[in-house]
Amino acid sequence: MTRLLLASASPARRATLRAAGIEPLVATSSVDEDAALAAARERFAGPQGVLDPVDAVLVLAQAKAHDVAAHLPDELAEADDLVVLGCDSMLELDGEILGKPRDEADATDRWRAMRGRAGTLHTGHWLVDLRQPDESAPAPRPGMLGAGRGAVLGDTSSTVVHFADLSDDEIAAYVATREPLAVAGAFTIDGLGGPFVERIEGDHHGVVGLSLPLLRTLLAQIDLPLHTLWNA
């Protein structure tokens, strides 16, 4: 039975998978995110050296998935039934990509800029298929990458988030909880920040940090139906 290895320590991502019937294995990467983005800008960005936010989160998701796949925990080193999933999220506001705030002052400034406005939360997803090939299996169907042939693939989920017009007191109280310091964009939709998100346009799960519909689509491309991971 195939097992999903989540290359992220995010409790929200793990909880999202669990709620969908998947109990993931978890391993964290040692990727230097700033260095990974700098390298990507040098390789792929245009003359202005700017990396599109949709691509930036995919670059980091890819880096994390490959790092975990290359440095499996000792107890998984010999496993031949793993598919690794890397994810990364950032908020785009006024064309700028925003990850986790540096400190409380940064989080406060973010919220003063975000309140009463809308931003786009991008979440990159990247799969690395580490399963051993099944030599007796039929050839992949058209459009499929095939099972257990070292497939790597990914995509980005993007959701527009409309923020409430918070007062200074509300911002101060929220930042004091320190929740905004631990998450991309300085907000949650499934935690204390929920009351401050008025509505979204897109996938709710993508805002939490892992788009289940997109994961289903990516898994289908390696001929792995999502439901086969239930309780795996």
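Tally the residues that are without any contact (Cβ under 8 Å) to a residue 40 or more places away in the chain and open to solvent by less than 60 Å² (accessible area, probe 1.4 Å), restricting the search to region 197-219.
Count: 1.
Do we have any residue at all in region 69-76 that's in a helix (DSSP H, G or I), modelled with pLDDT of 95 or more and under 16 Å from residue 153 (Cβ atoms)?
Looking for residues that are in a helix (DSSP H, G or I), modelled with pLDDT of 95 or more and under 16 Å from residue 153 (Cβ atoms), one finds at least one in region 69-76, hence yes.
In region 30-53, which residue that is aliphatic (A, V, I, L, M) and either modelled with pLDDT under 90 or open to solvent by 50 Å² or more (accessible area, probe 1.4 Å) (or both) is farthest from residue 151 (Cα to Cα)?
50
Only one of 131, 102 is part of a loop (DSSP other than H, G, I, E, B), among the basic types (Lys, Arg), out of contact with any Leu (no Cβ under 8 Å at 6 or more places or on another chain) and surrounded by fewer than 23 Cβ atoms within 10 Å (Cβ to Cβ). Can you tell me which?
Going through 131, 102 in turn, just one is part of a loop (DSSP other than H, G, I, E, B), among the basic types (Lys, Arg), out of contact with any Leu (no Cβ under 8 Å at 6 or more places or on another chain) and surrounded by fewer than 23 Cβ atoms within 10 Å (Cβ to Cβ): 102.
Since residue 27 meets every condition but one in (1) out of contact with any Asp or Glu (no Cβ under 9 Å at 6 or more places or on another chain); (2) among the small types (Gly, Ala, Ser); (3) farther than 29 Å from residue 112 by Cβ; (4) open to solvent by 50 Å² or more (accessible area, probe 1.4 Å), which condition does it not meet?
Residue 27 satisfies every listed condition except (4).
Listed here are the residues, each with its yes/no results for (1) closer than 24 Å to residue 14 by Cα; (2) at pLDDT 95 or above; (3) not in a helix (DSSP H, G or I).
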| residue | (1), (2), (3) |
| --- | --- |
| 116 | no, yes, yes |
| 123 | yes, yes, yes |
| 145 | no, no, yes |
| 159 | yes, yes, yes |
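Of everything in region 1-14 that's open to solvent by 50 Å² or more (accessible area, probe 1.4 Å) and in contact (Cβ under 8 Å) with a residue 40 or more places away in the chain, which residue is nearest to residue 85 (Cα to Cα)?
Looking at residues that are open to solvent by 50 Å² or more (accessible area, probe 1.4 Å) and in contact (Cβ under 8 Å) with a residue 40 or more places away in the chain, I get 3.
Checking the condition open to solvent by less than 20 Å² (accessible area, probe 1.4 Å) and over 20 Å from residue 10 (Cβ atoms), which residue from 172, 164, 176 passes?
Just a single option satisfies the conditions, and that option is 164.
The values are calculated or read from the model by the stated rules, or taken from the named source; none is laboratory data. Small disclaimer: the values here were computed from a predicted structure and weren't measured. We place every Cβ from the backbone using ideal geometry, glycine too, and count neighbours over all the protein chains shown. What goes into the accessible areas is simple: the full protein's heavy atoms, side chains included, and nothing from ligands, DNA or RNA. Shrake-Rupley method; radii C 1.70, N 1.55, O 1.52, S 1.80 Å.
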